[in-house]
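S.K.: First the structure, then my questions, so here it is.
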Amino acid sequence: LARARIEPLAQELAPKTGWCMLFLAGLTIALRLALLPSHPVPIAQGADDFSYLLLGDTLAHLRLANPPHPLHRFFETTFVLQEPAYSSIYPPGPALALAAGQLLFHLPWAGVVLSVAAFCSLCYWMLRGWMPARWALFGVVLAGLRFAIGSYWINAYHGGFLPAIGGALVAGAFARLRKQASLPEGLIFGLGAAILAASRPVEGAFYCLPLVAMLAWELRRNLIPLLAAAVPLAICAVALGAYFSNITGS
């Protein structure tokens, strides 16, 4: 009986990309918040969590790094640099979400919840480039059940939502560029690659390079989109350079 009621509604909603993305984002947030009585706001555990929270707090205070403590030799810990600056060892991308949650809601975990909402909605947009709408919706429901409830991605501070968002943007833009080259899709491709560079640079490079090679093979058709993709990457490179310079001086 439930299937007979839900399936027609899902089939009607699935082709409406914008509304479906909003629905999935809202549903994901509502589902996780509804579980707060039994699964409360997670407490940081392990060196990864504390390192990311340190970086998120640093960025929330509009700093790229902190000065070293005069007695830093007595405060050595894992995944944290003590000199020439006091900072996390990790790329700044994921910590930006924690900083946003701290600034907007005074709760870094709120940034994680917003990240899972963005991931689910953009995952649907990505899948729409590869498969029919109803299967894209079904795939995101599975992804949401897997990552938005019981995984460490949503119940910790070192999860993979931001690189997953970057990967979804790259894959979705690639699917559309293969069908029809366009400037907006090139910008989206570059934005996704920039997010990967700021969160998982090595894995992101291995992920993007084969796709860039395939687009470059048809250079005449994809020249404008590839040039557009270079713009977000160039901005990201400058921003990362400034970030690294503040931490290491190089």
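S.K.: With E76, E12, E7 as the choices, which residue is of a type in the set (D, E, K, R), open to solvent by 40 Å² or more (accessible area, probe 1.4 Å) and at pLDDT 90 or above?
M.R.: E76
S.K.: What are the pairs with Cβ atoms under 7 angstrom where one residue, in the range 84-98, is at negative phi and the other, located anywhere, is in a strand (DSSP E or B) and open to solvent by 10 Å² or more (accessible area, probe 1.4 Å)? Sequence gap at least six, or different chains.
M.R.: Partner pairs satisfying both residue conditions: A85/N66; Y86/N66; S87/N66; S87/L81; S88/V80; I89/V80; I89/L81.
S.K.: If P94 passes every condition in (1) farther than 28 Å from L137 by Cα; (2) within 18 Å of the chain's Cα centre (by Cα); (3) not aliphatic (A, V, I, L, M) but one, which one does it miss?
M.R.: Condition not satisfied by P94: (1).
S.K.: For the range 222-250, enumerate the residues that are surrounded by 14 or more Cβ atoms within 10 Å (Cβ to Cβ) and in contact (Cβ under 8 Å) with a residue 60 or more places away in the chain.
M.R.: Residues satisfying the conditions are L240, Y243, N246, I247.
S.K.: Do the conditions hold for G204, that is, is it surrounded by 14 or more Cβ atoms within 10 Å (Cβ to Cβ), under 24 Å from T28 (Cα atoms) and among the small types (G, A, S)?
M.R.: When the stated conditions are applied, G204 does not pass them.
S.K.: Is it true that W130 is without any contact (Cβ under 8 Å) to a residue 60 or more places away in the chain and more than 18 Å from the chain's Cα centre (by Cα)? Walk me through it before giving the result.
M.R.: Values: without any contact (Cβ under 8 Å) to a residue 60 or more places away in the chain: yes; more than 18 Å from the chain's Cα centre (by Cα): yes.
Yes, satisfied.
S.K.: In this structure, is G159 modelled with pLDDT under 95 and open to solvent by less than 40 Å² (accessible area, probe 1.4 Å)?
M.R.: yes
S.K.: Okay, moving on. When you check L55 against the structure, is it within 30 Å of F79 (Cα to Cα) and over 19 Å from the mean Cα position of the chain (by Cα), yes or no?
M.R.: Criteria not met by L55.
S.K.: Against the condition modelled with pLDDT of 95 or more and either among the hydrophobic types (A, V, I, L, M, F, W, C) or more than 18 Å from A148 (Cα to Cα) (or both), how does A30 come out, does it pass? If you could, list the steps in order and put the result at the bottom.
M.R.: Details: modelled with pLDDT of 95 or more: no; either among the hydrophobic types (A, V, I, L, M, F, W, C) or more than 18 Å from A148 (Cα to Cα) (or both): yes.
Taking the combined requirement at face value, the residue does not satisfy it.
S.K.: Test G93 against the stated conditions and say whether it is more than 26 Å from P201 (Cβ to Cβ) and in contact with a Ser or Thr (Cβ under 6 Å, 6 or more places away or on another chain).
M.R.: Against the criterion (more than 26 Å from P201 (Cβ to Cβ) and in contact with a Ser or Thr (Cβ under 6 Å, 6 or more places away or on another chain)), G93 does not qualify.
S.K.: Here's something else I'd like to know. So, of the residues in the range 35-73 that are buried (at least 18 other Cβ atoms within 10 Å of the Cβ) and small (G, A, S), which turns out to be nearest to V113 (Cα to Cα)?
M.R.: G56
S.K.: Does the range 8-31 contain at least one residue that is among the aliphatic types (A, V, I, L, M), under 22 Å from N246 (Cβ atoms) and either in contact (Cβ under 8 Å) with a residue 60 or more places away in the chain or assigned to a helix (DSSP H, G or I) (or both)?
M.R.: As a first pass, look at the range 8-31 and keep what is among the aliphatic types (A, V, I, L, M): 9-10, 13-14, 21-22, 24-25, 27, 29-31.
Now drop any that are not under 22 Å from N246 (Cβ atoms), which leaves none.
No: zero hits.
The values are calculated or read from the model by the stated rules, or taken from the named source; none is laboratory data. Please read all numbers here as calculations on a predicted model, not as lab measurements. Here the Cβ is made from the backbone with ideal geometry for all residues, glycine too, and neighbour counts use every protein chain on show. Surface accessibility is based on the protein's heavy atoms, side chains included, excluding ligands, DNA and RNA. Shrake-Rupley method; radii C 1.70, N 1.55, O 1.52, S 1.80 Å.
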